Amino acid sequence: MLTLLSIHWNPDPELFKLFGISIRYYGLLWIVGLIFAYFIVRRQYRDRRIADDKFDPLFFYCFFGILIGARLGHCLFYQPDYYLHHFWEMILPVKFLPDGGWKFTGYEGLASHGGTLGLILALWLYCRKTKMHYMDVLDMIAVATPITACCIRLANLMNSEIIGMPTSVPWAFVFERVDDVPRHPAQLYEALAYFVFFLGMVWLYKRGMKQTAQTAPRTDFSKTAKGGMQAPALPYHRGFYFGLCLTEIFVFRFFIEFLKEDQVAFEQGMTLNMGQWLSVPFVIIGIYFMCFYGKKKA
């Protein structure tokens, strides 16, 4: 009876082929998430009257920072034994075959913790080039980050990966590509949570901008801070959005891991899995920036 109440899930990961190249839901949803973030951050730049020539290179820094960081994060955090002996498979989206040939696979394996680190480093390089205040850029990116994270988890759902543990809840998913066991749709839980976080971030941002406009309606924001950027929107200090984003995403990530199956064999028997251990420092950093950093630096 419980199985009958479950949702049988087995979509084809491939959406269509274009000139012989497989177009998958996974890659498409990644791009959709980045496009959402692009327009959200662009709106913030315009709200703060930042010149377009400073915004234009931002997307490329973010895209390559996330991609490289997420790929290296998966290879080094989750499968170091394999990829340290297959270096080019870590860099290139291919798999080398035993007979000497190769096949295009795309990047099979991306880690959100690595993507976060890659993005933070890429934004530091971006700020060095544009002379913008690093924390102001992190704050703007943080407003858009949860919607991108939502799309990435939906991509995992379409791939039937990062599955949950067995359960008897009536909304359980049977991931037919894996087995016939009803499981928690952990990817969907995360996607919904990140969407709620996104709505909250947008609400806080609009509230802050409204209070800023009421407090200083005649301020020329283009001249109020380093690099032609407005000081953080009241009543939130510089670094608040960045800290809040890290805290809410990785606190949720820590607890949702209790409902997931282990991703790699070495996690079996661990009290906390790799995702949880990697989440802890992000939570600590997030709390610091949300509660303390801007009160001294803003």
Along the charge dipole of the chain, Cβ charges K/R +1 and D/E -1, which of Y134, P185, A265 sits furthest on the positive end?
Y134
Inter-label distance for F60 and D12, nm, one decimal - labels placed 7 Å from Cα along Cα-to-Cβ:
3.6
List the extent of the Cα atoms of the stretch 1-63 along each of their three principal axes, largest first, rounded to whole Å.
59, 36, 14
Roughly how many nanometres apart are two label points built 7 Å out from the Cα toward the Cβ at Y82 and F255?
3.2
Among I284, I23, I163, whose mean-square fluctuation peaks in a Gaussian network model of the chain (Cα, cutoff 10 Å)?
I23
Which value at 222 nm does the chain reach when only helices count, each DSSP H run of 4 or more adding -39,500 (n - 2.57), with the total divided by all residues and rounded to the nearest 500 deg cm²/dmol?
-18500 deg cm²/dmol
Testing the spin-label approximation: label points 7 Å from Cα along Cα→Cβ at R49 and I35. State their distance in nm.
3.2
Per residue of the stretch 171-176, in order, report the coupling 6.51 cos²θ - 1.76 cosθ + 1.60 (Karplus, θ = phi - 60°) as ³J(HN,Hα) in whole Hz, putting x for Gly and Pro.
9, 4, 9, 9, 7, 5
Sorted list, accessible surface of protein heavy atoms, 1.4 Å probe, largest first, for S112, S6 is S112, S6
Part-to-part distance (alpha-carbon centres) for the stretch 147-208 and the stretch 254-297, which is given in Å
17
I want to verify a result. In a Gaussian network model of the chain, Cα cutoff 10 Å, which of these has the top mean-square fluctuation: F254, F87, F197?
F87
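Taking the Cα centre of the chain as origin and charging only Cβ (+1 Lys, Arg; -1 Asp, Glu), how large is the dipole, in debye to the nearest 20?
Details: 29 positive and 23 negative charges, 401 e Å.
The calculation lands at about 1920 debye.
If contacts are Cα pairs under 8 angstrom and at least 6 residues apart, what is the relative contact order of the chain in percent?
Values: 452 pairs, mean separation 63.0, N = 298.
Taking the mean separation of contacting Cα pairs over the length of the chain, I get 21 percent.
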Using a 1.4 angstrom probe, figure out how much accessible area the chain has per residue, in square angstrom, rounded to the nearest whole.
53
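Tell me, what % of the accessible area of the chain is carbon and sulfur with a 1.4 angstrom probe? Before the final figure, lay out each step's value.
Working: 10580 of 15650 Å².
For the chain, the apolar C and S fraction of the accessible surface comes to 68 percent.
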Can you tell which of E190, E14, E261 shows the greatest fluctuation in a Gaussian network model of the chain with Cα springs below 10 Å?
E14
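Placing unit charges on C-beta atoms (Lys and Arg positive, Asp and Glu negative, everything else neutral), compute the dipole magnitude of the stretch 47-149 about its Cα centre in debye, rounded to 20. List each step's numbers first, then the result.
Working: 9 positive and 10 negative charges, 46 e Å.
So the magnitude is around 220 debye.
Using the structure shown, select from K131/K206; K54/K210; K54/K95; K103/K129 the pairs with a Cα to Cα distance greater than 28 angstrom. Write out the running numbers ahead of the final one.
Working: K131/K206 26 Å; K54/K210 24 Å; K54/K95 38 Å; K103/K129 38 Å.
As for pairs spanning more than 28 Å Cα to Cα, those are K54/K95; K103/K129.
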Interchain or long-range residues, amide H under 5 Å from V174's placed H:
I7, H8, W9, R183
Neighbourhood charge, 14 Å Cβ-Cβ cut-off, centred on Y45 and excluding it, Lys, Arg +1 and Asp, Glu -1:
0
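Taking a 1.4 Å probe, which of D179, D81 shows the most accessible area, and what order do the others take after it?
Numbers: D179 40, D81 130 Å².
Largest accessible area first, the list is D81, D179.
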Three-way shape call for the stretch 59-186 based on the alpha-carbon gyration tensor, with the a/c threshold at 1.5:
oblate
Compute the long axis of helix 112-130 from its Cα atoms, compare it with the longest principal axis of the Cα atoms of the chain, and write down the angle in degrees, 0 to 90, nearest 10.
30
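The values are calculated or read from the model by the stated rules, or taken from the named source; none is laboratory data. Everything numeric in this text was worked out from a predicted model, so none of it was measured. Reconstructed Cβ throughout: ideal geometry from the backbone, glycine too, with neighbour counts over all protein chains shown. The area values use the complete protein model at the heavy-atom level, side chains included, leaving out ligands, DNA and RNA. Shrake-Rupley method; radii C 1.70, N 1.55, O 1.52, S 1.80 Å.
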